[in-house]
Amino acid sequence: LRLTRLAAGRSDDFRRHFLGTHFFNPPRYMHLLEIAGTAETDPAVLDGMEAFGASALGKGVVRAKDTPGFIANRVGVHATLVTFQVMEEEALSVEEVDALTGPPLGRPRTAALRTLDLVGLDTFARVVEAIGEQAEGDEERSRFRVPALVEALLKAGRLGEKSGAGFYRSAPDGTRLALDAKTLEYRPAERAPFPALEGLRGLEDPGERLRRLLAGGDRAATLAWCLLGGTLRYAAARVPEIADGPLAVDQAMRWGFGWDLPPFAAWDALGVEAVARRLSAEGAAVPPLVQAVLAAEPRAFYAEAEGARTVFDLKARGHRAAPEEPGTLSLARRKAGGGLVERRGGASLVDLGDGVLGLEFHSKMNALGGDALALLARGLSRAGADFAALVIGNQGPHFSAGADLSLLLFAAEEGDWDEIDGMVRTFQRAVRSVQEAAVPVVAAPFGRTLGGGAEVVLAAHRAVAAAETYMGLVETGVGLIPAGGGCAEMLRRHMTLLPREIGLDPQPLLKRVFETIAFARVSSSAEEARRLLLLRPEDEIVMNGDRLLAEAKAAALRLARAGGPPLPPAGSIPVLGEPGFAALALGIHLAHRGGHITAYEREVATALARVLTGGERPHPGTATVEQIMDLEREAFLRLLGRRETQERIRHTLKTGKPLRN
């Protein structure tokens, strides 16, 4: 129901305080929160809800209008209905549709039909019907009808994942089956026959992918335009009906539907004038918003002016500065404004302002290679001389997937063990340099923070983590153990929980460290990372990932103003020697005997147990961080030389999945 109808008949005070919120499912993971009021809603109420949603809930808040479907569903459902039309007209298979409507168009890998399976076909049908019933004045209102194919699936009780079958389902052996749209039977999923798509896979920029695709002149290019052109026109025609301007539409589609290239960014990527000309040649009306953009300078929805981003404002008939979201810090804008200090391949140093230097990773998956480690050392040196603090963070999909396994595997296959030993020592020195830095070092993890990426965070004086941080030392999954100080730091953190004067048994703490690393446990959130001691009690957690870097910078400045980095941890760590190793070895033996781990996993676990207990020493005692890191390195090199480990690495690089050999 429309908000105005819901508020009708209520008191004046009620109507002034009434608004609507629209979360996307699942609310924990979906960033978008649309809020809308009526003509009578007090603007201060909307402001308060926007601030609460952004700070307390960590959402990307978009102001919508009291219209059917608000912003994201109105545009996204239209795009899906266009997809069904093209699918029917061109007799496309389910696989062909999804091959085209994912990353090639700047949209998620789940694409159109896999997304519907996740959402639920019944839910999709209800949204379509609701918009169709209420979208008065929409020139495409008649399009909002449930497609015949969806109706057939609903009639058969196939709702998507919730019922076990939709456009896809799994065979008993786990094979993915795809729907035959003509027979409604399932068959093994096939690869879509679009050779042009293969050439797009290495392109990171979604705008460049789309331009290459449409310039291909083949069937894929023709179909892609059929799927895209109508949506671009429709989104432009809905402003200012559903939103005040293009920015709100693009934010809603990026945060709600996961489009890397939302409508108005796509207009710009293809050229507003070129898209308008093509639509006009096909007999489609060019929306007034687009006509207004073409009558202004620059002829684009977005532009850069003096390092600041601008967006077209329909009311002003020209560009204005894009509003800065409160409490955020943009690395792209800092660099565009002259803040780039140094760049080397997969990493950059960026002046974050106020005397804080930033180290940004930007390689594939932000894997840590030689350039990132070299720039880390350079950043620590520059920060010590010219800045008050260093923040390690980035604004990609993930913080870091860890060490570059492809480099390690190549060197191992070539037998270049001196090179590998040098690589591991370089990483260990980098980690120790972070711990011993003269200025505060704050890490800002988010998303996947794995292996060596987690070790960088463990070494920092403080972590400011996004709530959705999936952190873990996962090296055992590829037949290795952490060798960047991860074992030493996790052991130190756990052993310091036990006051030495009490004399309690430390074996349970050792067992906890061992299991966290041996089982390659990855936290499901920053809160769980704290429980695993991957984060410390004093580390901070930020709900809104967009504010993460700004909060990390603020934490770094607080440490600097308090007198610099905290004192380095104690130089020695309690280790349990042979008694501790024997207890862990018994557990490893029982796990293998019970069929829970393979024979090679037993070897990897045994190597880890020896490191965590301080090496081959007969009695409990203490070890320095350097001694444990030496043990880490020796075990790492020994395991990397094994055929089983190299097979695991090779399999993971090829499939993205672990191999249990």
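Within the range 495-509, does at least one residue satisfy the condition of being in contact with a Pro (Cβ under 9 Å, 6 or more places away or on another chain) and modelled with pLDDT of 95 or more?
no
Could you list all residues from the range 136-166 that are farther than 17 Å from residue 88 by Cβ, in a loop (DSSP other than H, G, I, E, B), among the hydrophobic types (A, V, I, L, M, F, W, C) and under 34 Å from the mean Cα position of the chain (by Cα)?
159
Tally the residues that are free of Cβ contacts under 8 Å to residues at least 24 places away in the same chain and aliphatic (A, V, I, L, M), restricting the search to the range 208-248.
Total satisfying the criteria: 1.
Those residues that are on the phi > 0 side of the Ramachandran plot and buried (at least 19 other Cβ atoms within 10 Å of the Cβ), I need them from the range 131-175; list them, please.
Scanning the range 131-175 gives a single hit, 160.
Given the criteria part of a helix (DSSP H, G or I) and either hydroxyl-bearing (Ser, Thr, Tyr) or surrounded by 20 or more Cβ atoms within 10 Å (Cβ to Cβ) (or both), does residue 224 qualify? Walk me through it before giving the result.
Working: part of a helix (DSSP H, G or I): yes; either hydroxyl-bearing (Ser, Thr, Tyr) or surrounded by 20 or more Cβ atoms within 10 Å (Cβ to Cβ) (or both): yes.
Considered against the rule, which asks whether it is part of a helix (DSSP H, G or I) and either hydroxyl-bearing (Ser, Thr, Tyr) or surrounded by 20 or more Cβ atoms within 10 Å (Cβ to Cβ) (or both), residue 224 comes out as yes.
Tell me the residue from 268, 205 that is of a type in the set (Asp, Glu), touching a residue at least 12 places away in the same chain (Cβ under 8 Å) and out of contact with any Lys or Arg (no Cβ under 7 Å at 6 or more places or on another chain), please.
Numbers: 205 fails: touching a residue at least 12 places away in the same chain (Cβ under 8 Å).
Of 268, 205, the one residue that is of a type in the set (Asp, Glu), touching a residue at least 12 places away in the same chain (Cβ under 8 Å) and out of contact with any Lys or Arg (no Cβ under 7 Å at 6 or more places or on another chain) is 268.
Take the residues in the range 358-373 that are surrounded by fewer than 24 Cβ atoms within 10 Å (Cβ to Cβ) and outside any helix (DSSP H, G or I); name whichever of them is farthest from the chain's Cα centre (by Cα).
369
May I ask you to say which residue of 476, 469 is touching a residue at least 40 places away in the same chain (Cβ under 8 Å), more than 27 Å from residue 645 (Cβ to Cβ) and hydroxyl-bearing (Ser, Thr, Tyr)? Break it down stepwise before answering.
Values: 476 fails: more than 27 Å from residue 645 (Cβ to Cβ).
After applying the criteria, what remains is 469.
Do we have residue 391 as farther than 30 Å from residue 643 by Cα, surrounded by 18 or more Cβ atoms within 10 Å (Cβ to Cβ) and in contact (Cβ under 8 Å) with a residue 60 or more places away in the chain here? Explain how you work it out, then say what you get.
Numbers: farther than 30 Å from residue 643 by Cα: yes; surrounded by 18 or more Cβ atoms within 10 Å (Cβ to Cβ): yes; in contact (Cβ under 8 Å) with a residue 60 or more places away in the chain: yes.
Considered against the rule, which asks whether it is farther than 30 Å from residue 643 by Cα, surrounded by 18 or more Cβ atoms within 10 Å (Cβ to Cβ) and in contact (Cβ under 8 Å) with a residue 60 or more places away in the chain, residue 391 comes out as yes.
Got a sec? Which helices (runs of 4 or more DSSP H) wholly within the range 8-99 have at least 3 residues that are crowded, with 19+ Cβ neighbours inside 10 Å and of a type in the set (Gly, Ala, Ser)?
72-89
Across the range 38-86, which residue is nearest to residue 222 (Cα to Cα) among those that are over 25 Å from the mean Cα position of the chain (by Cα) and among the β-branched types (Val, Ile, Thr)?
By that ranking, first place goes to 86.
Yes/no matrix, rows are residues, columns are (1) touching a strand residue (DSSP E or B) at 6+ places or on another chain (Cβ under 8 Å); (2) touching a residue at least 12 places away in the same chain (Cβ under 8 Å); (3) buried (at least 24 other Cβ atoms within 10 Å of the Cβ):
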site: 448; (1), (2), (3): yes, yes, no
site: 452; (1), (2), (3): yes, yes, yes
site: 457; (1), (2), (3): yes, yes, yes
site: 460; (1), (2), (3): yes, yes, yes
site: 463; (1), (2), (3): yes, yes, yes
site: 482; (1), (2), (3): no, yes, yes
site: 487; (1), (2), (3): no, yes, yes
site: 494; (1), (2), (3): no, yes, no
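Kindly provide the set of residues from the range 374-386 that are surrounded by fewer than 24 Cβ atoms within 10 Å (Cβ to Cβ) and touching a residue at least 40 places away in the same chain (Cβ under 8 Å), ordered by number.
Once the filter is applied, which keeps residues that are surrounded by fewer than 24 Cβ atoms within 10 Å (Cβ to Cβ) and touching a residue at least 40 places away in the same chain (Cβ under 8 Å), the range 374-386 yields 377, 380, 382, 384.
Please find, within the range 309-326, the residue that is nearest to the chain's Cα centre (by Cα) out of those that are surrounded by 15 or more Cβ atoms within 10 Å (Cβ to Cβ) and within 20 Å of residue 396 (Cα to Cα).
Residues of the range 309-326 that are surrounded by 15 or more Cβ atoms within 10 Å (Cβ to Cβ), as a first pass: 309-314, 318-319, 322, 325.
Next, from what is left, pick out any that are within 20 Å of residue 396 (Cα to Cα): 309, 325.
Values: 309: 23, 325: 19 Å.
Only one residue fits best here, namely 325.
State all residues of the range 241-264 that are among the small types (Gly, Ala, Ser), part of a helix (DSSP H, G or I) and surrounded by fewer than 24 Cβ atoms within 10 Å (Cβ to Cβ); if no residue qualifies, say none.
Looking only at the range 241-264, we keep the residues that are among the small types (Gly, Ala, Ser), and these are 243, 245, 248, 252, 256, 258.
Then keep just the ones that are part of a helix (DSSP H, G or I); that gives 248, 252, 256.
Within the range 241-264, 248 is the sole residue that qualifies.
With 604, 575 as the choices, which residue is within 32 Å of the chain's Cα centre (by Cα), touching a residue at least 60 places away in the same chain (Cβ under 8 Å) and within 21 Å of residue 508 (Cα to Cα)?
Going through 604, 575 in turn, just one is within 32 Å of the chain's Cα centre (by Cα), touching a residue at least 60 places away in the same chain (Cβ under 8 Å) and within 21 Å of residue 508 (Cα to Cα): 604.
The values are calculated or read from the model by the stated rules, or taken from the named source; none is laboratory data. Given the structure is predicted, the values throughout are model-derived calculations rather than measurements. Here Cβ is always computed from backbone atoms with ideal geometry, including for glycine, and neighbour counts include all displayed protein chains.
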